[in-house]
Amino acid sequence: MTTGRELNELMRDAASIMILCLLAAPAKAEWGDGVDIYKVFLGAYPEPSAYYIMLDVSEGDNFILYSKLLIYGRGSGGIDDWPSVLELYDHVPSGHFALIANEAVESLFDVEADLQLELPLRREGGKICFEGRGVVDCVAWGDYDGPADGIGTPFNTPHPPDLSTSILRNRPGPVDDSNEDFVVGDPWPTNIWGETGFTALINCGDGHRDTVEECDDAADNSNSTPDACRSNCVLPSCGDRTIDSGEQCDDGFRNSDSMPDTCRADCTLPSCGDAVVDSGEACDDGNTSPGDGCAADCSLETAPPPMSNGGGGCQTAAGSASAAWALGLAIVAARRRRKLFSSLERARERILRASRMSSKP
Ligand SMILES: [Ca+2]
Ligand SMILES: [Ca+2]
Ligand SMILES: [Ca+2]
Ligand SMILES: [Ca+2]
């Protein structure tokens, strides 16, 4: 016999199970753990030190408070035998991911991490275990050769996972064998808000020119080799701090058309005639024409060039230059006169003041 109270409890339990089923992905219930390492990312082509771990909270509640991640290296001896410990302190509602990522991931994928990953992960091989409320879930990969309990055969062993791919939970699981429990996955990280990061540059460096890339020469991509495809898969250019063909200099953002003695914005060396007074130049009027007060070699001109005319009474270029020089001289003379006048005025005032004082009784 089922009493009314028992019936109520049964119905409540059934409702709870239904809610859980709605919140959780269907396959997750088979794992039973509640929390799984869902995805591990060990670097991208354009950013080999972009690392993240995604945890999947399939059931239970606000779990990761007081939980931790143990991050191992190769495991076969030395310091790698001792895991780095990352304390987890946040709440993650059921049915969400937690993104534990470093800054390189945040900037590469333009996504916010839920928790900062300050420790590097070892791409060649390693092991990560989640430990919380008695639950342990581990993944190992590559050349990891430490204790096999809980991980069986490391994923992709003995080779490291390819850059720009992830180690992704193979549903349904687990059988506690990393090579069975995980498959090659996509690189995209998702945080607790359900925001998935993306970058068009994810395959820069694979040697294949993807649609968003200007070039891709795989290992030959370089930020320091002249004329090489750059590490972010853009073509070499003036302003990228490497002197390429057709460039005399390249100081990147320091290239300037106003600072003396700097590489110019078009990657030419500073010179006489570039309108900036550089070392060894007394003037630079932006041309290399003589006869305008600043000579072709950027020295000051002190005498007018010879006057001449074209024979028909028209002014020649030399005549124009001569006129320009004469105008310059006239301006200088006027300034000098003004200066002389004001100093004469001041002297006169001083004399007047002195005579007034001396005339006092
Ligand atoms: Ca590419
Ligand atoms: Ca350049
Ligand atoms: Ca100059
Ligand atoms: Ca000149």
Each label sits 7 Å from Cα toward the beta-carbon; between ARG254 and ARG241 the label points are separated, in nm, by 1.0 nm
Once VAL85 and SER271 are pulled to full extension, the length gained, defined as 0.36 nm per residue separation minus their Cα-Cα distance, is 61.1 nm
Quick shape check on the range 32-185: root eigenvalues a ≥ b ≥ c of the Cα gyration tensor, a/c under 1.5 is rounded, otherwise prolate if a/b tops b/c, else oblate, and it reads rounded
Simple SL model, points at 7 angstrom along Cα→Cβ for VAL183 and LEU300; separation in nm is 8.1 nm
Ordering 117-129, 279-291, 146-158 by per-residue average of other C-beta atoms within 10 angstrom, highest first, gives 117-129, 146-158, 279-291
About its Cα centre, the range 223-309 carries a charge dipole, from +1 on Lys and Arg Cβ atoms and -1 on Asp and Glu Cβ atoms, whose size in debye to the nearest 20 is 260 debye
Note to self: C-alpha centroids of the range 97-168 and the range 179-198 sit apart, in Å, by 11 Å
Length gained if ASP149 through GLU195 is fully extended, taking 0.36 nm per residue and subtracting the Cα-Cα distance, is 13.1 nm
Residues other than ASP162 with Cβ under 14 Å of its Cβ, Lys/Arg counted +1 and Asp/Glu -1, net out at -2
In units of 2.2 N^0.38 Å, the Cα radius of gyration of the range 121-270 is 1.53
One finds, for LYS68 and ASP285 with R0 = 56 angstrom and r their Cβ-Cβ distance, a FRET efficiency to the nearest 0.05 of 0.20
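Every read-out reported here was derived from the displayed coordinates using simple, explicitly stated rules and does not represent laboratory data. This is a predicted model, so every value here is computed, not measured. Methodologically, a virtual Cβ is constructed for each residue, glycine included, from the backbone with ideal geometry; neighbour enumeration extends over all protein chains shown.
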